[in-house]
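The values are calculated or read from the model by the stated rules, or taken from the named source; none is laboratory data. Since the structure is predicted, the reported quantities are computational estimates derived from the model, not experimental observations. Here the Cβ positions follow ideal geometry from the backbone for every residue, glycine too, while neighbour counts run over all protein chains shown.
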Amino acid sequence: MVDELISSLLPRLDAIPGRVTAVFLRKGELRILSTHALQSAFELLSRGTRLDGARLEIEDVSAVVRCRACSYEGPPNRFGDERGHLAIPILSCPRCGGDVTAVAGRELCVERVAVSEGEGATRGSVTQGAGP
């Protein structure tokens with residue numbers, strides 16, 4: 001996934017001069033991806049590219065479900081231990097038990113990219129739509 005993210009992002013940066021300092025990613029809770037694994041893969045796979053040395057900043061997006069039967073919209077129930085170490089969202093309606101559709105929490109997209117002109121001077125940011 002990270003390789004695809006980098007491959008799709010690099011061509012979009014071609015027309016923008018400066019050093020990429022950070023990539024801001026939105027990651028939905030239902031994407032069951034480790035933040036640490038994403039950051040490690042980004043660091044490894046960006047070596048030798050224009051993204052080499054850039055920080056990967058990850059914003060977690062909570063799951064939100066919508067019930068077809070009772071129109072509930074909100075967070076799903078979660079299954080896990082009482083300390084919350086393993087809290088897996090349950091994709092059925094917390095109110096009536098009906099089928100739900102995920103409204104939020106499946107995202108994995110680049111929100112924006114920070115680019116600087118030189119030492120410490122921020123030039124601006126680039127916004128990219130949906131990612132892989």
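Scan the stretch 93-111 for residues that are part of a strand (DSSP E or B), more than 9 Å from the chain's Cα centre (by Cα) and surrounded by 14 or more Cβ atoms within 10 Å (Cβ to Cβ) and jot them down.
Applying the first criterion (part of a strand (DSSP E or B)) to the stretch 93-111 yields 99-104, 108-111.
Filter again for more than 9 Å from the chain's Cα centre (by Cα), leaving 99-104.
Answer for the stretch 93-111, where residues must be part of a strand (DSSP E or B), more than 9 Å from the chain's Cα centre (by Cα) and surrounded by 14 or more Cβ atoms within 10 Å (Cβ to Cβ): 100, 102, 104.
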**Asked** Between a first residue in the stretch 30-57 that is outside the structural domain of residue 92 (by TED's automatic domain parsing) and a second residue that is at pLDDT below 95 and assigned to a loop (DSSP other than H, G, I, E, B), which pairs have beta carbons less than 6 Å apart while being 6 or more apart in sequence or on different chains?
**Response** 30/63; 30/105; 30/106
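Could you list, in sequence order, the residues of the stretch 1-29 that are in a helix (DSSP H, G or I) and in contact with an Asp or Glu (Cβ under 9 Å, 6 or more places away or on another chain)?
Initial filter on the stretch 1-29 (in a helix (DSSP H, G or I)): 2-13, 29.
Within the stretch 1-29, just 29 meets the criteria.
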**Request:** Scan the stretch 23-49 for residues that are over 17 Å from residue 61 (Cα atoms) and surrounded by 18 or more Cβ atoms within 10 Å (Cβ to Cβ) and jot them down.
**Result:** 41, 42, 46
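Considering only residues that are of a type in the set (S, T, N, Q) and modelled with pLDDT under 95, look in the stretch 8-40 and name the one that is nearest to residue 55 (Cα to Cα).
First, the residues of the stretch 8-40 that are of a type in the set (S, T, N, Q): 8, 21, 34-35, 39-40.
Add one more test, that the residue is modelled with pLDDT under 95, and what stays is 8, 34-35.
Numbers: 8: 17, 34: 16, 35: 13 Å.
Restricting to residues being of a type in the set (S, T, N, Q) and modelled with pLDDT under 95, the top hit is 35.
Do the conditions hold for residue 40, that is, is it closer than 30 Å to residue 90 by Cβ and assigned to a helix (DSSP H, G or I)?
Values: closer than 30 Å to residue 90 by Cβ: yes; assigned to a helix (DSSP H, G or I): yes.
So residue 40 fits the description; yes.
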